[in-house]
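Structure record follows, encoded as structure tokens.
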Amino acid sequence: DDLKDFHMLLAVQATSHQVTQYSLMLKSTEAARAEMSAFLDELNKEKDHSQFAARGATAEQAIEKARTDARNYLDDFSEAQRNGLREVSKKLLKEEADLGQEARTLAAELSDAKTPVQLLSNAAQNLDQALVNLRSHELELGDEMSISVEDQPESKFELGAAKNSIQFADQPVAIVTSGAVSRGKAGNNQSAFTLELNEDLSDLQQNITRVLRSQLNKSERCGEHLEVQDATLTPLAPASLVTVQLHYERWTCLGRENMNEMAEGNGTIEVKLIPSLEKDGAVRLRAETNRVEAPGLVGELLRSGSLGDELREKVAEVLVAAAQRGGDLKAILPAAAQGHAELTRAQFEGTGMGRLTMLLTGEINVSGQDAKLLLGELRRKSSSPATAQSVPQ
């Protein structure tokens, strides 16, 4: 029968009722992922076990609903659909069973108040991945049943974490960028997507003293001696604040042998970094002196002299380099979005543990046909493991 595939396609097509139920099934899975994301956030804040258990119980309820909706959807198939969709249904049922096993593992860990946070985090991440796998097979089922992207609910696709590395002299710094693309409304043959990227700059925070030493320390025989003694990088949303404690000396030479010290002292300077975006989407930072504590000439040089100018410039360069490496759209977005994404906002944020992140938001606008390609790539990317890239600075 030359029309066998065609007849099979017709036999497994979703009814209007099934299209509606399919949308509800996807929403249940997405709701469960949202609860798991909130649970992982609680773990990162290192709160007490009772709060973990309460949030975990809420997540378990959402997961159970997602599992029930998936099973009920398959139970509603006609005989022809059961036969034609046997393979993809078996995959979906396997993922649903695996999800149940991961949920039971997390529940067992939560039942013991002495379970270390790291073990809870590992179990939660495995459970979150099981939800990603379930959703991926639900989407595959929708394709087999000819449920068009226009019939599906506005969805949020996780991009997965991309780990980039940047080198400052002999100090490597890791920037982990996660993100999501949310499907918006379509109109005038265009589909709009909202882009959110979150760059984790905590490794730069931990190594900011070493990084700034590599960029600022100098010892000129007849000139300036500068040594960064300590530095901190903290969130001051929507900006960030770099505090540098330093020792400064200025020497002059009279003849070949005689060296005279012209100035010497310790000082502290706070540099506030305010982010914005250039027209091409590049991150820009405006560096402002927030506070200076230093006596005499050292204080004057930090407030309005060349020393303060150099510090602000170098501090901004370091943060810009890290932010641009983490926000490399070519490394994060699927191919169908390349050339169609535009960043519209950049700001620093802090987590409950004082970790610094940079939030980048933007838009992706593609034609109707390209939207289908993009959605397919987003589905695959949202269930793929993290990627790692290392680029020297």
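The values are calculated or read from the model by the stated rules, or taken from the named source; none is laboratory data. What you see is a predicted model; the values in this text were computed from it and never measured. Ideal geometry is used to build each Cβ from the backbone, glycine not excepted, and the neighbour counts take in all protein chains shown. Side chains are part of the model used for accessible areas, which takes the heavy atoms of the whole protein and leaves out ligands, DNA and RNA. Shrake-Rupley method; radii C 1.70, N 1.55, O 1.52, S 1.80 Å.
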Item checked: Rounded to the nearest 10 Å², the accessible area of Phe193 at probe 1.4 Å -> 0
Notebook entry, point to check: Say a paramagnetic label sat at a point 7 Å from the Cα of Ala53, along Cα to Cβ; which residues of the range 97-130 have their backbone N under 18 Å from it?
Noted result: 104-121, 124
Notebook entry, point to check: Hey, what number do you get for the chain at 222 nm if only DSSP H runs of n ≥ 4 count, each worth -39500 (n - 2.57), divided across all residues, to the nearest 500?
Noted result: -16000 deg cm²/dmol
Notebook entry, point to check: Which residue fluctuates the most in the chain, going by a Gaussian network model with Cα springs under 10 Å, if the choices are Lys372, Lys90, Lys27?
Noted result: Lys90
Next item on the list: Taking only Cα atoms and a 10 Å spring cutoff, compute GNM fluctuations for the chain and point out the largest among Gln324, Gln229, Gln118.
Entry: Gln118
Checklist line | Spatial separation of Cα centroids for the range 99-143 and the range 323-357, in angstrom | finding: 27
Margin query: Leaving out ligands and nucleic acids, and using a 1.4 Å probe, what accessible area per residue does the chain come to in Å²?
Written below: 50
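If you take the square roots of the eigenvalues of the alpha-carbon gyration tensor of the chain and sort them as a ≥ b ≥ c, do you get rounded (a/c under 1.5), prolate (a/b over b/c) or oblate?
prolate
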Check: How about the range 252-321: which trypsin sites (Lys or Arg not before Pro) there lie in a loop by DSSP and see at most 15 other Cβ atoms within 10 Å?
Finding: Arg256, Lys279
Notebook entry, point to check: In this model, which of Lys65/Lys330; Lys94/Lys163; Lys163/Lys330; Lys91/Lys156 are farther than 25 Å apart at the alpha-carbon?
Noted result: Lys65/Lys330; Lys94/Lys163
Item checked: Ranked order, Leu359, Leu273, Leu93 - accessible area, probe 1.4 Å, largest first -> Leu93, Leu359, Leu273
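Using 0.36 nm per residue of separation minus the Cα-Cα distance, give me the extension gain between Ala282 and Asp230 in nm, one decimal.
Full-extension gain reported as 15.8 nm.
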Next item on the list: Between Glu199, Glu264, Glu138, find the one with the highest GNM mean-square fluctuation for the chain; connect C-alpha pairs within less than 10 Å.
Entry: Glu264
Item checked: Chain lengthening between Gln338 and Gln118 when straightened (0.36 nm per residue, less Cα-Cα) -> 75.5 nm
Check: Of Thr29, Gly56, Ser276, whose Cα points farthest to the positive end of the dipole of the chain (charges on the beta-carbon: +1 Lys, Arg; -1 Asp, Glu; origin at the Cα centre)?
Finding: Ser276
Check: Under the classification rounded if a/c is under 1.5, otherwise prolate if a/b is larger than b/c and oblate if not, where does the range 89-182 fall, given a ≥ b ≥ c as square roots of the Cα gyration tensor eigenvalues?
Finding: oblate
Check: Any idea of Asp143's accessible area? Nearest 10 Å², probe 1.4 Å.
Finding: 90
Item checked: Options Asn122, Tyr73, Gly142, ranked by Cα towards positive dipole end of the range 54-209, top entry (Cβ charges) -> Asn122
Next item on the list: Could you tell me which of Thr357, Trp251, Ser16 has its Cα farthest along the dipole of the chain towards the positive end, charges placed at Cβ (Lys, Arg +1; Asp, Glu -1), taken about the Cα centre?
Entry: Trp251
Note to self: What's the magnitude of the charge dipole for the chain around its Cα centre, counting Lys and Arg as +1 and Asp and Glu as -1 at the beta-carbon? Answer in Debye, nearest 20.
What the structure shows: 140
Note to self: Give me the percent of accessible area attributable to carbon and sulfur for the range 193-306, probe 1.4 angstrom.
What the structure shows: 42
Check: Using Cα pairs under 8 angstrom and six or more residues apart, how large is the relative contact order of the chain, in percent?
Finding: 17
Notebook entry, point to check: Given just the C-alpha atoms of the range 276-375, how large is their convex hull per residue in cubic angstrom?
Noted result: 120
Next item on the list: For the range 205-313, take the alpha-carbon Rg, divide it by the Kirkwood Rh, and send me Rg/Rh.
Entry: 1.05
